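The values are calculated or read from the model by the stated rules, or taken from the named source; none is laboratory data. This is a predicted model, so every value here is computed, not measured. Reconstructed Cβ throughout: ideal geometry from the backbone, glycine too, with neighbour counts over all protein chains shown. Just the protein is used for accessible areas: all its heavy atoms, side chains included, with ligands, DNA and RNA removed. Shrake-Rupley method; radii C 1.70, N 1.55, O 1.52, S 1.80 Å.
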Amino acid sequence: MSLIIALDFDDTYTADPDLWSAFVKKAQGNGHYVMVVTYRMASYGVSDIEAALPGIEIVTTEGAQKRQYLRENGFPEPSIWIDDMPELIV
Ligand SMILES: [Mg+2]
């Protein structure tokens with residue numbers, strides 16, 4: 001089964017970039033889809049995310065709860081969330 005994995009960036013990816021970069025590569029190699037879903041405002045910028053994980057899909061939820069934001073904006077429902085602040089997913 002192929003998974004859709006939503007990975008948080010600030011204080012999740014950045015807590016151990018080496019770990020999560022290896023995780024993303026391995027997940028993609030296993031046929032899973034990984035996207036970064038961040039609570040950030042788009043105006044804050046995402047160049048650091050693009051540099052860390054080239055080519056990955058990045059969703060900025062503009063300070064909105066993540067699951068609801070994805071649903072309302074036509075994104076697929078993640079199978080798995082990886083996040084240091086699960087209260088922002090809900
Ligand atoms: Mg975070």
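Going through Glu50, Glu62 one at a time, which residue ends up being in a loop (DSSP other than H, G, I, E, B), charged (D, E, K, R) and more than 13 Å from the ligand (Cβ to nearest atom)?
Glu62
Return the residues of region 7-24 that are of a type in the set (A, V, I, L, M), touching a residue at least 12 places away in the same chain (Cβ under 8 Å) and either away from the ligand (no atom under 13 Å from the Cβ) or open to solvent by less than 60 Å² (accessible area, probe 1.4 Å) (or both); say none if nothing qualifies. Even if it seems obvious, please write down each step before you answer.
The first filter runs over region 7-24 and keeps only residues of a type in the set (A, V, I, L, M), leaving 7, 15, 19, 22, 24.
Going one step further and asking which of them are touching a residue at least 12 places away in the same chain (Cβ under 8 Å), we end up with 7, 15, 24.
The answer is Leu7, Val24.
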key: Criterion violated by Tyr69 - all others in (1) within 12 Å of the ligand (Cβ to nearest atom); (2) outside any loop (DSSP other than H, G, I, E, B) satisfied   = (1)
ask   = Mind checking which residues of region 72-90 are within 14 Å of the ligand (Cβ to nearest atom) and in contact with a strand residue (DSSP E or B) (Cβ under 6 Å, 6 or more places away or on another chain)?
value = Trp81, Ile82, Ile89
Among the residues listed as Gly29, Gly63, the single one being at positive phi and open to solvent by less than 70 Å² (accessible area, probe 1.4 Å) = Gly63
Scan of region 26-47 for residues that are among the charged types (D, E, K, R) and without any contact (Cβ under 8 Å) to a residue 24 or more places away in the chain, ordered by number = Lys26
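Among the residues of region 1-41, count how many are in a helix (DSSP H, G or I) and more than 20 Å from Pro86 (Cα to Cα). Can you show your working first?
Kept after step one, since they are in a helix (DSSP H, G or I), are these residues of region 1-41: 13-15, 17-29.
Those left that are additionally more than 20 Å from Pro86 (Cα to Cα): 18, 21-22, 25-29.
Final tally of qualifying residues: 8.
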ask   = Assuming Lys66 fulfils every condition listed in (1) out of contact with any helix residue (DSSP H, G or I) (no Cβ under 7 Å at 6 or more places or on another chain); (2) modelled with pLDDT of 95 or more apart from one, which condition is it?
value = (1)
